[in-house]
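Read the structure below first, then the notes.
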Amino acid sequence: MYDLIIIRYGEIGLKGDNINDFINQLVANIKRATSDLGDFEITTIFGRIFLKAEAAKINAICQRLINVPGIISLSPAQKFNYSSKKVSEFDQSDFNRLKKQVVRLFRAEVQNYPTTFKVETTRADKSFPIKSPALSRELGAEILRQVEGPETELKVDVHQPEHLLEVEIRRGKIYIFVRREAGPGGLPVKSSGKALLLLSGGIDSPVAGWLGLKRGLSLEAVYFNSPPYTSERAKQKVIDLTKILSRYGGEIKLQIPYFTAIQQAILKKCPRRYTVTIMRRMMIRIANQLAAQNESLALVTGENLGQVASQTLEGLRSSDQVAKFPVLRPLITMDKNEIIKLAKKIASYQISIRPHEDCCTIFVPQNPVTQPKLATVEYAEEELAIEELVKEAIAKMEIITINEGAC
């Protein structure tokens, strides 16, 4: 039924002199997202990207593209082929054929009755001889004449229709569609540089990673593994969360340092109330090394102000003191319900609530310090062989490359 997909972007259109760089990156991401489905013809005009494909592949392509950051919405569409060479020469025979094509599309898409509908025309090409309101009225009237009947109670509703049939007239071409499917919006992955995500098995950090992807970051990830304190199922949980993120951001390198020796040293040599604060600082130190090795420009965490004892301003300042890269915290002001809503939206929630603990949760003391002073924290970790512990954790690191084929 369909022969192309109309792809729309949002804020990319506001990028001024840099707009072509963002559009080219989005087109490259679209090609990567669909590369195993075929090699498709892709063209662009301002505000739109058109992907031409066989009808049998349209739905599969749409399911891929709704996960690609930078796309605000998309529509499977039909192109109307009129007989004259110019839109301005659109004649009555073309008009009659357009009416028939619109009715066929409406019947194919709208199955449940009674229902309401509206026809809306966008006439970007002003050389088209029929103005938008008049064309919408004529096509709507034709749908009522051809579709309305005892078994198909059909009414026009111009305010809140259940079905919106749209006609776009652009650069000598006419496109017809009924559906608009939402994409993530934001910016294309890889348009804002690369960052390293500190990924746990919880609800927050995958959502933080997704928000980073939506702002144009490409991601690598690090998970701190502590066998035997954490199980293989806990690690698999993180691998599965990385798979979710890779649907949106393409290939992700998941780095899994050996964190057990660090935790054992902290428990042995540091004050109990400061264990989580110091563990967090050690994670940041390891992340510094990995980010530098892989040319990442920032760290991304799922920290949220005041959510747990270590996420007070003082605790965040303690982590930032040892960070050598900007620390991005996309969730910093969100409440838990907002985060859970996003986790469900991106399909990470059910994985995150599996009952397998991460290393931080296991070693939380009964009364952790909530307002650590930097001088006290530095004194509390004086007996740690910090450089040697970081070096050992990275030397024993496992690396897994994950790509679910999103972009």
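A few notes on this one:
- Single residue of 285, 215, 317, 273 found to be basic (Lys, Arg) and over 26 Å from residue 387 (Cα atoms): 215
- Among the residues making up the range 279-304, those that are among the polar types (S, T, N, Q) and surrounded by 21 or more Cβ atoms within 10 Å (Cβ to Cβ) are 296, 301, 304.
- Given (1) in a loop (DSSP other than H, G, I, E, B); (2) among the small types (Gly, Ala, Ser); (3) surrounded by 17 or more Cβ atoms within 10 Å (Cβ to Cβ), index of the condition residue 347 fails: (3)
- Number of positions in the range 79-121 that are outside any loop (DSSP other than H, G, I, E, B) and at pLDDT 90 or above: 24
- All positions within the range 166-180 that are part of a strand (DSSP E or B) and in contact with a helix residue (DSSP H, G or I) (Cβ under 6 Å, 6 or more places away or on another chain): 176
- Only listed residue being of a type in the set (A, V, I, L, M), more than 17 Å from the chain's Cα centre (by Cα), at pLDDT 95 or above and open to solvent by less than 20 Å² (accessible area, probe 1.4 Å), chosen from 165, 154, 187, 196: 165
- For the range 216-249, filtering for residues that are polar (S, T, N, Q), open to solvent by less than 10 Å² (accessible area, probe 1.4 Å), over 18 Å from residue 203 (Cβ atoms) and under 21 Å from the mean Cα position of the chain (by Cα) leaves 1.
- Condition met for residue 345 (in the same structural domain as residue 256 (by the TED database), closer than 28 Å to residue 264 by Cα and basic (Lys, Arg)): no
- Among residues of the range 99-110 that are aromatic (Phe, Trp, Tyr), those with a Cβ under 9 angstrom from a residue that is open to solvent by less than 10 Å² (accessible area, probe 1.4 Å), sequence gap 6+ or separate chain, pair up as 106/117; 106/143; 106/165.
- Filtered residues of the range 250-278 (kept if buried (at least 21 other Cβ atoms within 10 Å of the Cβ) and touching a Lys or Arg at 6+ places or on another chain (Cβ under 9 Å)): 250, 252, 257
- Test: residue in the range 34-41 that is under 21 Å from residue 176 (Cα atoms), assigned by the TED database to the domain that holds residue 125 and outside any loop (DSSP other than H, G, I, E, B): yes
- Qualifying residue in the range 272-295 (condition: under 19 Å from the mean Cα position of the chain (by Cα), closer than 25 Å to residue 189 by Cβ and not polar (S, T, N, Q)): no
- A single member of 373, 324, 336, 391 is closer than 20 Å to residue 257 by Cβ, in contact (Cβ under 8 Å) with a residue 24 or more places away in the chain and open to solvent by 30 Å² or more (accessible area, probe 1.4 Å), and it is 324.
- Hits in the range 1-23 (condition: touching a helix residue (DSSP H, G or I) at 6+ places or on another chain (Cβ under 8 Å) and either on the phi > 0 side of the Ramachandran plot or part of a loop (DSSP other than H, G, I, E, B) (or both)): 1, 2, 3, 15
The values are calculated or read from the model by the stated rules, or taken from the named source; none is laboratory data. Only a predicted model underlies this, so the values are computations on that prediction, with no experimental measurement involved. Ideal geometry is used to build each Cβ from the backbone, glycine not excepted, and the neighbour counts take in all protein chains shown. To get the accessible areas, we keep the full protein, side chains included, count just its heavy atoms, and leave off ligands, DNA and RNA. Shrake-Rupley method; radii C 1.70, N 1.55, O 1.52, S 1.80 Å.
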